[in-house]
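In what follows, a single structure is set out as structure tokens and then discussed.
The values are calculated or read from the model by the stated rules, or taken from the named source; none is laboratory data. All values derive from a computational prediction rather than experimental measurement. Neighbour counts run over all protein chains shown; Cβ positions are idealised from the backbone, glycine included.
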Amino acid sequence: MTKLEQKAGAEKVGVVIVGHVDHGKSTLIGRLLNDTDSLMDGKLKEVQESCKRRNVPFEWSFLLDAFQAERDQAVTIDTTQIWFKSQKRPYVIIDAPGHREFLKNMISGAAFADAAILVVDAAEGVREQTKRHAYILHLLGLKQVVVAINKMDAVAYDEKRFNEVKAEITAYLSGIDVTPRQIIPIAAREGDNIAKKSDKMPWYKGASLLEQLDAFSPAAPPVEKPLRFPVQDVYRFDERRIIVGRIAAGVLRKGDTLVFSPSSRSAKVVSIEKWNAAHDILSAQAGESVGITLDQPIYAARGDVASHADKAPMLTHDFRANIFWLGKEPLRAGKRYKIKLATSEATVMVRSIDRVIDTGDLQRTEKDFVGVNEMAMVTFHSRETVALDPFADNHETGRAVIIENQDVVGGGIINMEGLADLRQQRQAAQENLHAVDHLLTRQDRALRNGHRGMVVWLTGLSGAGKSTLAMRVERALHIKGMQTYVLDGDNVRRGLNADLGFSAEDRSENIRRIGEVAALMADAGLIVITAFISPFIVDRRAARAAVKDGFHEVYVKADLSTCEKRDPKGLYKKARSGEIAEFTGITSPYEPPEAPEIVVDTSARGIDECVGVIVEHVLENARATTLETRDETRAER
């Protein structure tokens, strides 16, 4: 880290440099570094000597084009972050590539900036990428924008030409509701109006580029907004579960009662943890990365969003987004993608393409696809419930990134206008429901049965041995006097779920219903053993949420080749021949559990050993609190 980065008490401003290729962005940055004395000692001389050896003319852009390929092609390939300083503060400048092929990098850079410089060539004027970059700045919500009309030396510092280009870019920006703070004529190569005013353009009375940057402000963390704490991970230290993440908005205080969305489970904050903190932490705010411990062991996982109950994020299956599309293959209605919202991931289907926007003339067209580098408004449908905010309410939880085949193919901002909030609908429905209190408590049932109710959820590929294990475990527990029942595909699909097919939605609904039924049976005091592939983490997470405590996930592990060799029902053979579509492990993915209570590898262990591991776990957890249960029952009475 340089001395500049360590400058005490200075708030840095992140600035992204955007614009059409060859309009001079990298040259501008190189000149800024030089004219503010921000270069490392000897760097300028090193680059000049390198140019002599290579027999190429010196370019200011060579100061930051770190890759040999970029010097050869004179193109900035990746987003580069560079520190420089003014008399007022330090800056981190994000040099974003202008070539349309590298638009993805430009977006990733702009998403973390406080302000933007839009560079326009005075000779060429506003081009296709100029408009596209400007539109993305609009989508990302950047309000601090300055336009630098560059290469004024190439038009003899002509005021008339400057005014023509100024009028052209002003007209476009006004159409997308972007008002630049200043439009400045510059000549980056010569240093005119960069760090100080130029005497070559006496007709320009405004600020230099550096003066305008100094007038910008660092983006203040959204402390005044409702609390948003997206969970990144859960750590275990000294038998404590520490939920960690970065606070996206608001203030988190010790003693706060938090609701975790989308499950809507709640708990109170017992402590706030920071690395090597010397004292008890009472609060943390937006921008800080912290860990928290809770007063009860609720299930929280990566992707959940913690908030205060009275100002929680929206819950929905359907949401609309203004997107920019980067995929080589067009986005089409009916296709499925993964979407990232803060730290969560969801599988979504494109429900409709509402309109496609031409960034050139801002006309809206009706099309059945969205092509590469096009902008559109799209409505998505998610299999699972997702927690989000409209972008206007919260930038961090209102952005979406679209993934296909592990590659980023698009992104945009959430717009929920006209769409329902499931949280409000559920609350309204709950007002008309009146629970009937049982005269028997869970403790009563546990005392009578000699064990607590629980759900033992077996998940794994077809052929891994789930059903075999489930039946053997049930028999072993029954012999020990426990009340048990197995739920598997055969006894559920013939009755409760006879109306469901095998589409992605129906398979998800199948698991949802099983989770709810298993929860009721466990509440009745039974040890419920389920044997379902249940391939998706989100569906198993929903089942865990339905059961609340007493959910024990068992990963019945076996590699695909072992399962195919077993193939007890001949399903893999049919899937390989195309007779079965969307078959898990072949044409549909299986997502292994993130943190199962038990893992039994049936390809490496015998059936009796695996049964023994599961039975031992059940006995330990079902009977561990029998005496406590008796005491609790007496206390209740």
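The figures follow:
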{"item": "Qualifying residues in segment 312-340 (those that are assigned to a strand (DSSP E or B) and among the aliphatic types (A, V, I, L, M)) - the one farthest from N415 (Cα to Cα)", "result": "L331"}
{"item": "Residue that is surrounded by the fewest Cβ atoms within 10 Å (Cβ to Cβ), among those in segment 422-461 that are among the polar types (S, T, N, Q) and modelled with pLDDT under 90", "result": "N432"}
{"item": "All positions within segment 296-310 that are in a loop (DSSP other than H, G, I, E, B) and within 19 Å of T385 (Cα to Cα)", "result": "I298, Y299, A300, A301, R302, G303, D304"}
{"item": "Meets criteria (of a type outside the set (A, V, I, L, M, F, W, C) and at pLDDT below 90) for D358", "result": "yes"}
{"item": "Residue identified as hydroxyl-bearing (S, T, Y) and under 25 Å from the mean Cα position of the chain (by Cα) among Y590, Y555", "result": "Y590"}
{"item": "Number of positions in segment 247-280 that are over 20 Å from T343 (Cβ atoms) and either in contact (Cβ under 8 Å) with a residue 40 or more places away in the chain or not assigned by TED's automatic domain parsing to the domain that holds D304 (or both)", "result": "1"}
{"item": "Hits in segment 199-236 - residues which are more than 26 Å from the chain's Cα centre (by Cα) and either touching a residue at least 40 places away in the same chain (Cβ under 8 Å) or under 24 Å from E288 (Cα atoms) (or both)", "result": "K200, M201, W203, Y204, L209, L210, Q212, L213, D214, F216, S217"}
{"item": "Filter result for I292 (farther than 29 Å from S508 by Cα, among the hydrophobic types (A, V, I, L, M, F, W, C), over 17 Å from the mean Cα position of the chain (by Cα) and surrounded by 19 or more Cβ atoms within 10 Å (Cβ to Cβ))", "result": "yes"}
{"item": "Qualifying position, being within 21 Å of the chain's Cα centre (by Cα), at pLDDT 90 or above, surrounded by 22 or more Cβ atoms within 10 Å (Cβ to Cβ) and part of a strand (DSSP E or B), among I184, I243", "result": "I243"}
{"item": "Residues of segment 568-580 that turn out to be without any contact (Cβ under 8 Å) to a residue 24 or more places away in the chain and either touching a helix residue (DSSP H, G or I) at 6+ places or on another chain (Cβ under 9 Å) or part of a loop (DSSP other than H, G, I, E, B) (or both), as a count", "result": "7"}
{"item": "Complete set of residues in segment 11-21 that are in a loop (DSSP other than H, G, I, E, B) and either without any contact (Cβ under 8 Å) to a residue 24 or more places away in the chain or out of contact with any Gly (no Cβ under 8 Å at 6 or more places or on another chain) (or both)", "result": "E11, K12"}
{"item": "Boolean, V244 is free of Cβ contacts under 8 Å to residues at least 60 places away in the same chain, β-branched (V, I, T) and either in contact with a helix residue (DSSP H, G or I) (Cβ under 9 Å, 6 or more places away or on another chain) or over 22 Å from K143 (Cα atoms) (or both)", "result": "yes"}
{"item": "Given (1) in contact with a Leu (Cβ under 8 Å, 6 or more places away or on another chain); (2) part of a loop (DSSP other than H, G, I, E, B); (3) under 30 Å from R302 (Cα atoms), index of the condition A195 fails", "result": "(3)"}
{"item": "Selection count, segment 341-398, where residues are in contact with a Gly (Cβ under 6 Å, 6 or more places away or on another chain), among the charged types (D, E, K, R) and not in a loop (DSSP other than H, G, I, E, B)", "result": "0"}
{"item": "Matching residues in segment 517-548 - criterion: being under 17 Å from R445 (Cα atoms) and out of contact with any Leu (no Cβ under 7 Å at 6 or more places or on another chain)", "result": "A519, L520, M521, A522, D523, A524, G525, L526, V547"}
